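The values are calculated or read from the model by the stated rules, or taken from the named source; none is laboratory data. This structure is a prediction, so every number in the text was calculated from the model and none was measured. Backbone-built Cβ (ideal geometry, glycine too); neighbour counts: all protein chains shown. SASA here: full protein model, heavy atoms, side chains in, ligands and nucleic acids out. Shrake-Rupley method; radii C 1.70, N 1.55, O 1.52, S 1.80 Å.
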Amino acid sequence: MLAVERRNRILERLQAEGRVVVAPLAGEFCVSEETIRRDLAKLERDGYAARGYGGAVFNADGSAEPPYSMRKKTNIAGKQRIAHQVADLVFDGDFIMLDESSTASFVARAITGKRNITLITNSIDIIAKLRDAQGWNVLCTGGTLKTDVLALTGHQAESFIRSYHVNTAIVSCTGLDLAAGFTEAGEDNALIKQAMMASADKTILAADFHKFNKRAFAPIGRLDSLYALATDVEPSDDWKTALAEYGVKLLF
């Protein structure tokens with residue numbers, strides 16, 4: 001197993017359980033405890049963990065988000081499940097917008113069997129994945145390139161998005177909170193997602209279980225602005241009750 005793959009697995013464990021211990025991880029991955037400590041040190045430098053005696057805890061303050069390259073390899077099964085749920089809400093002939101999130105990349109792959117789709121995105125990664133889509137009309141925004149996520153942001157991208165009208169906007173988020181709604185680590189990404197929502201008849205939020213009960217820096221929208229929420233694990237009863245009260249379709 002490559003070091004980056006091992007760190008991805010450790011990050012998944014941190015997100016799911018909140019803490020990890022060095023010795024069991026060393027046994028699980030068949031490496032030395034010193035190797036695990038180096039992994040945890042790297043995760044700490046990147047802002048995802050706080051090390052303590054014998055292990056580390058997850059840094060859940062929402063101020064840092066894993067790099068796109070790492071997010072694409074994290075919780076793959078969950079994102080595939082979400083993508084197929086979202087695909088069931090996309091129909092032949094639809095006009096849709098997809099954001100730059102790693103989950104949106106899975107959605108793009110899941111809907112390639114649809115016909116006559118018009119898709120607008122600020123994600124260069126998604127554009128590359130759809131290069132062989134037959135009979136589609138694919139539009140990419142202009143804007144400022146964010147090389148770490150292969151996405152376009154800024155005023156030009158936002159203006160391009162607001163100049164169109166679509167059936168559905170499909171977005172993700174960094175955090176999902178009953179009081180604060182859904183939020184994003186960076187304001188530039190939040191503004192792009194807000195523009196997509198304003199240009200769409202309805203919005204589908206695609207968010208895996210790691211996003212629940214977290215609040216990030218920049219607001220995107222309130223829960224009552226959603227048509228549907230697609231996730232990978234059944235939410236708690238308080239979430240189900242709140243979403244039902246807002247009239248949000250829940251898919252898990």
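Which residue fluctuates most in the GNM of the chain (Cα springs below 10 Å): Ser163, Ser123, Ser105?
Ser163
Which translational diffusion coefficient, to the nearest whole µm²/s, is obtained for the stretch 180-252 from the Stokes-Einstein equation, given a Kirkwood hydrodynamic radius over C-alpha pairs, 25 °C and 0.890 mPa s? Please report the intermediate quantities before stating the final value.
Numbers: Rh = 12.6 Å.
It comes out at roughly 195 µm²/s.
Subtracting the Cα-Cα distance from 0.36 nm times the residue separation, let me have the gained length for His155 to Ser32 in nm, one decimal.
On the way: separation 123, 0.36 × 123 = 44.28 nm, distance 4.85 nm.
Using 0.36 nm per residue and subtracting the Cα-Cα distance, I get 39.4 nm.
Based on DSSP, what percent of beta bridges with both residues in the stretch 109-252 are antiparallel, to the nearest 5?
On the way: 10 of 26 bridges.
So the antiparallel bridges in the stretch 109-252 amount to around 40 percent.
Where both partners of a DSSP beta bridge lie in the chain, what percent of those bridges are antiparallel, to the nearest 5? Don't skip to the end; give the middle numbers.
Numbers: 17 of 40 bridges.
The answer is about 45 percent antiparallel.
Heavy atoms only, probe 1.4 Å: what % of the accessible area of the chain goes to carbon and sulfur, would you let me know? It would help to have the intermediate numbers written out before the result.
On the way: 5760 of 11450 Å².
With neighbouring chains kept in place, the figure for the chain is 50 percent.
Within the set Lys202/Lys249; Lys214/Lys249; Lys42/Lys193; Lys129/Lys202; Lys146/Lys211; Lys42/Lys214, which residue pairs have Cα atoms separated by over 19 Å?
Table pairs above 19 Å Cα-Cα are Lys214/Lys249; Lys42/Lys193; Lys129/Lys202; Lys146/Lys211; Lys42/Lys214.
Just want to confirm a number: the relative contact order over the chain, from Cα pairs under 8 angstrom separated by 6+ residues, in percent.
On the way: 503 pairs, mean separation 39.0, N = 252.
That works out to 15 percent.
So if each residue of separation counts as 0.36 nm, and I subtract the Cα-Cα distance between Glu187 and Asp132, what length gain in nm does that give?
Values: separation 55, 0.36 × 55 = 19.80 nm, distance 3.23 nm.
The Glu187-Asp132 span can extend by a further 16.6 nm.
Identify which of the listed values of Rg/Rh (Cα atoms, Kirkwood Rh) was calculated from the structure shown: [x] 1.19; [y] 0.94; [z] 0.99.
[z]
Any idea what the dipole of the chain comes to, in debye rounded to 20, about its Cα centre with Lys/Arg Cβ at +1 and Asp/Glu Cβ at -1? Can you show the working numbers first?
Values: 30 positive and 32 negative charges, 99 e Å.
It works out to roughly 480 debye.
Treating the beta-carbon of each Lys and Arg as +1 and of each Asp and Glu as -1, no other charges, what is the dipole magnitude of the stretch 100-184 about its Cα centre, to the nearest 20 debye? Walk me through the numbers before you get to the answer.
On the way: 7 positive and 7 negative charges, 83 e Å.
Here the size comes out at about 400 debye.
Once amide H atoms are placed 1.01 Å from N in the peptide plane, what residues at a sequence separation of 5 or more from Ala216, or on another chain, have their amide H within under 5 Å of its amide H?
The list, which skips near neighbours in sequence, is Gly175, Thr183, Glu184.
Residues with amide H under 5 Å of Met97's amide H, sequence separation 5 or more or different chain, H placed in the peptide plane at 1.01 Å from N; which?
Under 5 Å from the amide H of Met97 lie the amide H atoms of Ile120, Thr168, Ala169, Ile170, each far enough along the sequence or on another chain.
Starting from a Cα-only point model with no solvent, please compute log10 I(q)/I(0) by Debye for the stretch 106-237 at q = 0.11, 0.14, 0.18 1/Å.
-0.39, -0.64, -1.06
In Å², and per residue, what accessible area does the chain have when probed at 1.4 Å with the other protein chains present? Display every interim value, and only then the final one.
On the way: 11450 Å² over 252 residues.
Per residue, the chain has an accessible area of 45 Å².
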